[in-house]
Amino acid sequence: MIHAREKDFEEVKKIFQQHKEWFGFVRMDYIQRMIMNNGVKFNFPVSFDNKHVSYNLLIFEENVVITYTIIRRSHRMGNVKTFKGDYIIHQIGAKNRDGSASRILQKFFQEYGTTSLTVRSDNVIAKKFYLKNNMRLVGECTFSKGTIPGDVYSYVTNTPKIGALGI
Ligand SMILES: CC(C)(COP(=O)(O)OP(=O)(O)OC[C@H]1O[C@@H](n2cnc3c(N)ncnc32)[C@H](O)[C@@H]1OP(=O)(O)O)[C@@H](O)C(=O)NCCC(=O)NCCS
């Protein structure tokens, strides 16, 4: 997949700003750090320099942004157990409503495999989008110290490993 480079920074920033209702205030050093991580991982030069700590990578393809990480050790997302080697999508946002978000998400699943994400329960559009793209509702979570309810969705490939605890 195509990962953002330094030249993409302004366009990526605009997509985060376009969807501030859902992304909230996204720090510019967070975006820069992901582009720096892309540079290390895929071996291209980046001149940004900041101390923000994050291991996320940032895909920017067809004006769709996906931020993600590979899970380093098993842990829980809400009441769902996730496993080392699977993927977490932190954010997905599209500039245009033209099918591009579905295309890029499907490409992500084909290239990376089992993927989980959390979403605010009131984000009806995103939840419909995840179901349409073959994800399943597998559990619940909360945001902002338990004050905002959220849902956990997973796309599972090959051997199913992800399951809601207690279900
Ligand atoms: C979630 C999000 C990425 C989904 O993107 P999207 O553009 O709705 O999804 P798609 O790429 O599948 O677009 C399909 C829509 O585009 C329209 N469309 C127009 N031309 C199209 C084409 N050539 N092919 C397919 N769809 C097309 C369709 O009407 C379709 O709508 P439908 O699903 O109601 O039938 C987008 O709504 C978004 O950026 N939301 C804000 C950020 C957010 O909430 N992110 C999730 C939490 S992190």
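Before moving on, here are some points about what is shown:
- The range 99-121 - residue that is loosely packed, with under 13 Cβ neighbours inside 10 Å and without any contact (Cβ under 8 Å) to a residue 60 or more places away in the chain and, of those, nearest to the ligand (Cβ to nearest atom): Gly99
- Test: residue in the range 31-39 that is over 23 Å from Phe109 (Cα atoms), modelled with pLDDT of 95 or more and either among the aromatic types (Phe, Trp, Tyr) or loosely packed, with under 12 Cβ neighbours inside 10 Å (or both): no
- Of Asn50, Asn43, Asn56, all but one fail to be surrounded by 16 or more Cβ atoms within 10 Å (Cβ to Cβ) and under 17 Å from Glu6 (Cα atoms); the exception is Asn56.
- Residue check, Tyr130 part of a strand (DSSP E or B) and either surrounded by 14 or more Cβ atoms within 10 Å (Cβ to Cβ) or more than 10 Å from the ligand (Cβ to nearest atom) (or both): no
- Residues (of a type in the set (A, V, I, L, M) and either more than 28 Å from Gly85 (Cβ to Cβ) or in a strand (DSSP E or B) (or both)) located in the range 20-70: Met28, Leu57, Leu58, Ile59, Val64, Val65, Ile66, Ile70
- Considering the range 89-98, and only residues there that are buried (at least 18 other Cβ atoms within 10 Å of the Cβ) and either aliphatic (A, V, I, L, M) or free of Cβ contacts under 8 Å to residues at least 40 places away in the same chain (or both), the residue that is farthest from the ligand (Cβ to nearest atom) turns out to be Ile89.
- Criterion (farther than 23 Å from Lys13 by Cβ and modelled with pLDDT of 95 or more) met by exactly one of Leu117, Leu131, Leu105: Leu131
The values are calculated or read from the model by the stated rules, or taken from the named source; none is laboratory data. Computed from a predicted model, the values in this text were never measured in an experiment. Ideal geometry is used to build each Cβ from the backbone, glycine not excepted, and the neighbour counts take in all protein chains shown.
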